[in-house]
1. Out of (1) in contact with a helix residue (DSSP H, G or I) (Cβ under 9 Å, 6 or more places away or on another chain); (2) at pLDDT 95 or above; (3) farther than 20 Å from Leu159 by Cα, the odd one out for Gly91 is which?
2. Does Lys74 count as part of a loop (DSSP other than H, G, I, E, B), open to solvent by 20 Å² or more (accessible area, probe 1.4 Å), in the same structural domain as Met346 (by the TED database) and basic (Lys, Arg)?
3. Considering the stretch 64-113 alone, what residues qualify as being of a type in the set (Val, Ile, Thr) and either over 30 Å from Thr19 (Cβ atoms) or free of Cβ contacts under 8 Å to residues at least 12 places away in the same chain (or both)?
4. Exactly one of (1) in a helix (DSSP H, G or I); (2) open to solvent by less than 40 Å² (accessible area, probe 1.4 Å) is unmet by Glu215. Its number?
5. Take the residues of the stretch 319-348 that are part of a loop (DSSP other than H, G, I, E, B) and under 17 Å from Asp152 (Cα atoms): which is least open to solvent (accessible area, probe 1.4 Å)?
6. Count, please, the residues in the stretch 145-170 that happen to be of a type in the set (S, T, N, Q) and buried (at least 23 other Cβ atoms within 10 Å of the Cβ).
7. From the list Ser18, Ser34, Ser43, Ser47, exactly one residue is closer than 23 Å to Ser136 by Cβ, open to solvent by 40 Å² or more (accessible area, probe 1.4 Å) and hydroxyl-bearing (Ser, Thr, Tyr). Which is it?
8. Which members of the stretch 250-269 meet the condition of being closer than 19 Å to Gly297 by Cβ and either in the same structural domain as Leu333 (by the TED database) or open to solvent by 20 Å² or more (accessible area, probe 1.4 Å) (or both)?
Amino acid sequence: MYNTKAYSAVSETSPLASTTIERREPTEHDVQLSILFCGVCHSDLHSVRNEWSSFTSTVYPIVPGHEIVGRVTKVGSAVTKYQPGDIAAVGCLVDSDGTCPQCKAGFEQFCLNQTLTYNSPDKHLGGVTKGGYSDSIVVDERFVLRVPTNLDLAGVAPLLCAGITTYSPMRHWGVTKGKKVGVVGLGGLGHMGVKFARAFGAQVVVFTTSPDKKEDALRLGADEVVVSRNADEMQKHAGSFDFILDTVSAKHDINAYLNLLRRDGNITLVGAPEKPLDVSAFSLIMGRRSLSGSNIGGIPETQEMLDFCGEHNITADVEVIPIQKVNEAYERLLKSDVKYRFCIDMASLKSE
């Protein structure tokens with residue numbers, strides 16, 4: 001084992017603060033990364049403050065961070081895909097059983113025995129896994145990803161969660177040229193949804209409650225912006241969408257969007273409202289429409305997404321911060337005061 005610097009929270013009410021954690025020495029199949037950038041995901045905030053306790057309780061101290069880009073510093077003897085000096089990435093998963101039908105199909109995100117990058121049982125060291133708000137990390141080669149060399153690394157980090165979360169359902173539901181796609185909400189997830197839909201060649205319409213977001217939505221690649229509180233604007237699009245990506249995590253009227261789908265259209269939830277959404281059966285029945293959900297992606301699809309981003313020069317819009325401002329960033333995140341993701345420059349940790 002070796003020690004490395006990190007930021008952790010010791011309780012649901014305490015701020016993140018500098019600490020030292022233990023990492024395992026790389027085994028024969030492991031890759032050690034010196035972390036360069038780590039994105040700040042809303043999931044980090046939920047986990048640090050134990051706001052998902054009904055789903056999974058946080059084990060303290062917690063080191064969050066699952067949008068990791070770094071430089072390979074050491075590899076195990078059996079590692080074949082990476083060598084020291086390579087730029088690589090780690091997302092939300094660092095292990096799975098590898099033997100279940102989900103894993104064999106490349107859907108590790110649905111494995112019942114998956115290991116999350118942080119706050120999952122750590123089979124190597126005991127306790128729980130610790131994430132990317134740290135100097136370095138050691139991960140099984142199977143869960144390390146190649147990073148296209150032409151992309152800005154700070155903008156790559158959020159692709160490991162926000163990117164794959166929006167890319168995966170679009171690929172699954174066949175978003176291509178000629179399709180009409182809606183994106184509900186223009187935040188960390190929504191802005192990536194717009195970029196991907198545009199790159200896939202779709203007609204892109206953004207739905208927002210904020211008229212002042214119109215200019216930015218158009219800059220990101222939207223063809224049109226609809227203020228969802230305007231009934232006339234909504235009605236104009238009734239029955240016309242092939243696919244709608246719903247990124248909103250607050251309670252909202254899902255039926256208003258279901259009614260915008262054409263026959264056999266789909267709306268996929270990637271936001272996670274705390275309270276259940278009320279769905280009218282008739283919104284689904286009248287048009288054979290479907291409502292589904294999606295959760296990140298497997299390792300093969302995440303690599304596909306990164307390669308697609310390299311080909312189309314897609315990265316997240318980020319505000320880069322030193323780790324010393326992460327608590328301030330959490331407070332701003334609660335106010336949606338960021339365009340569109342925070343990303344920590346982990347070089348700042350070295351000054352601690």
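1. Condition (3) is where Gly91 drops out.
2. Against the criterion (part of a loop (DSSP other than H, G, I, E, B), open to solvent by 20 Å² or more (accessible area, probe 1.4 Å), in the same structural domain as Met346 (by the TED database) and basic (Lys, Arg)), Lys74 does not qualify.
3. Within the stretch 64-113, Thr80, Thr99 meet the criteria.
4. Among (1) in a helix (DSSP H, G or I); (2) open to solvent by less than 40 Å² (accessible area, probe 1.4 Å), the lone unmet condition for Glu215 is (2).
5. By that ranking, first place goes to Tyr340.
6. 3
7. On inspection, the qualifying residue turns out to be Ser18.
8. If the condition is that a residue be closer than 19 Å to Gly297 by Cβ and either in the same structural domain as Leu333 (by the TED database) or open to solvent by 20 Å² or more (accessible area, probe 1.4 Å) (or both), then Leu269 is the only one that fits.
The values are calculated or read from the model by the stated rules, or taken from the named source; none is laboratory data. Model, not experiment: these values are computed from the prediction. Cβ coordinates were reconstructed from backbone atoms using ideal geometry, including for glycine residues, and neighbour counts include every protein chain displayed. Each accessible area value is taken on the protein alone, full model and side chains, heavy atoms only, with ligands, DNA and RNA left out. Shrake-Rupley method; radii C 1.70, N 1.55, O 1.52, S 1.80 Å.
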